[in-house]
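Take a look at the structure below.
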Amino acid sequence: MYPPRFDYTAPDSVDEVLSLLQQHGDDAKLLAGGQSLIPLMKLRFATPAWLVDINRLPDLSFIEETKGHLRIGARARHNELARSNLLESKYPIVAAAAPLIADPLVRNLGTIGGSLAHADPAGDWGSVMLALSAELVARSASGERVIAIGDFFQGTFTTALQPTEILAEIRIPRPKGKAGGTYLKLERKVGDFATVAVAVQLELDGKKVRKAGIALTAVGPENIKATAAEDALSGVEPTPEAFAEAAEHAANAAQPISDVRGSAAYKKEVVRVFVKRGLERALRLAEAA
Ligand code: FAD
């Protein structure tokens, strides 16, 4: 099916994008990689009167570290994240997730900002950012605000972004001590959305866990932050028993449904096994950091 008629514009400044969003509100949609929006338009689930293409904007695809943060521009493409030496060497959870997203064609076009703004509960970046306690920088004509990732997802395909806002940047706090993380994804075949996936991040303080980040993909109406699992690890030694307990908490936090990808009970069990496995890998990486 073809989408209904729409107007298209590709501004080359953020200010112009913001003024178009202010002018058209709900009638406008930002176009980043188009890997979720265009299929929705073809199915006529989304029928924007205006498409505002952000691919000509300069400076929205950076990946850089500042004193306190890792900063990622919202238009950084999945493949740019997969190829980044900085992420490979210092943020293994991000480096692990990027090549597991979709297939090479989608990764060449799809962006991290588009993925987060789309808020698909099977989206991989949402869980990674929940595990990393990221902050999202949104800009509108009236200024900038920072949204904690915990406040960003507000249900399936729903976020805290206003129609007048562009997601400009993702900020990830730099770990204070030795840290490591990973992303484990079960998919029916290469390139598929997750049957289940888990994002795991561990920050150590000497022999104890300073902070754990654990989040779950495709097992609920949105990406789930497994807070009871995180709390169970905070301040304790990273022993197999502690990991088993945290994995149990994570499985309890999952709210999967039975579908063509597997039964709810099977998916919960995968969460339990993957969280334990992910924690073991995260610990090895943190100790070696
Ligand atoms: P677009 O499609 O351009 O936009 C998506 C939505 O976000 C739109 O509503 C748009 O207006 C809004 N938006 C875009 N950028 C911004 C911004 N900067 N600020 C505010 N709003 C914005 N994803 C996964 O996570 N895992 C997978 O395994 C996976 N498999 C896929 C397989 C296929 C075959 C396809 C087609 C897609 C798959 N995806 C998967 C989705 C893919 O990752 C998309 O790239 C992503 O969901 C959307 O990013 P995009 O840049 O293409 O956004």
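The values are calculated or read from the model by the stated rules, or taken from the named source; none is laboratory data. Computed from a predicted structure; not experimentally measured. Here the Cβ positions follow ideal geometry from the backbone for every residue, glycine too, while neighbour counts run over all protein chains shown. Heads up: the accessible areas ignore ligands, DNA and RNA and are worked out on the full protein's heavy atoms, side chains in. Shrake-Rupley method; radii C 1.70, N 1.55, O 1.52, S 1.80 Å.
Of all residues in the stretch 213-230 being small (Gly, Ala, Ser) and either open to solvent by 10 Å² or more (accessible area, probe 1.4 Å) or within 16 Å of the ligand (Cβ to nearest atom) (or both), which is nearest to residue 202 (Cα to Cα)? Looking at residues that are small (Gly, Ala, Ser) and either open to solvent by 10 Å² or more (accessible area, probe 1.4 Å) or within 16 Å of the ligand (Cβ to nearest atom) (or both), I get 215.
Condition check: in contact with a strand residue (DSSP E or B) (Cβ under 8 Å, 6 or more places away or on another chain) and within 30 Å of residue 23 (Cα to Cα). Does residue 135 satisfy that?
Numbers: in contact with a strand residue (DSSP E or B) (Cβ under 8 Å, 6 or more places away or on another chain): yes; within 30 Å of residue 23 (Cα to Cα): yes.
Yes, satisfied.
Scanning the stretch 77-98 for any residue that is within 8 Å of the ligand (Cβ to nearest atom) and of a type in the set (A, V, I, L, M) turns up nothing. Every listed requirement among (1) open to solvent by less than 10 Å² (accessible area, probe 1.4 Å); (2) in contact (Cβ under 8 Å) with a residue 40 or more places away in the chain; (3) among the aliphatic types (A, V, I, L, M) is met by residue 209 save one, (2).
Among the listed residues 75, 56, 71, which satisfies the condition of being more than 30 Å from residue 3 (Cβ to Cβ), open to solvent by 20 Å² or more (accessible area, probe 1.4 Å), out of contact with any Cys (no Cβ under 6 Å at 6 or more places or on another chain) and touching a residue at least 40 places away in the same chain (Cβ under 8 Å)? Don't jump to the end; show me each part of the working.
Details: 75 fails: more than 30 Å from residue 3 (Cβ to Cβ); 56 fails: more than 30 Å from residue 3 (Cβ to Cβ).
Checking each option against the conditions leaves just 71.
Okay, residues lined up against (1) more than 18 Å from residue 89 (Cβ to Cβ); (2) aliphatic (A, V, I, L, M):
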| residue | (1), (2) |
| --- | --- |
| 155 | yes, no |
| 158 | yes, no |
| 164 | yes, no |
| 177 | no, no |
| 186 | yes, yes |
| 189 | yes, no |
| 195 | yes, no |
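Taken across the stretch 231-241, residues that are part of a loop (DSSP other than H, G, I, E, B), in contact (Cβ under 8 Å) with a residue 12 or more places away in the chain, more than 27 Å from residue 192 (Cβ to Cβ) and open to solvent by 70 Å² or more (accessible area, probe 1.4 Å) do occur, with at least one present.
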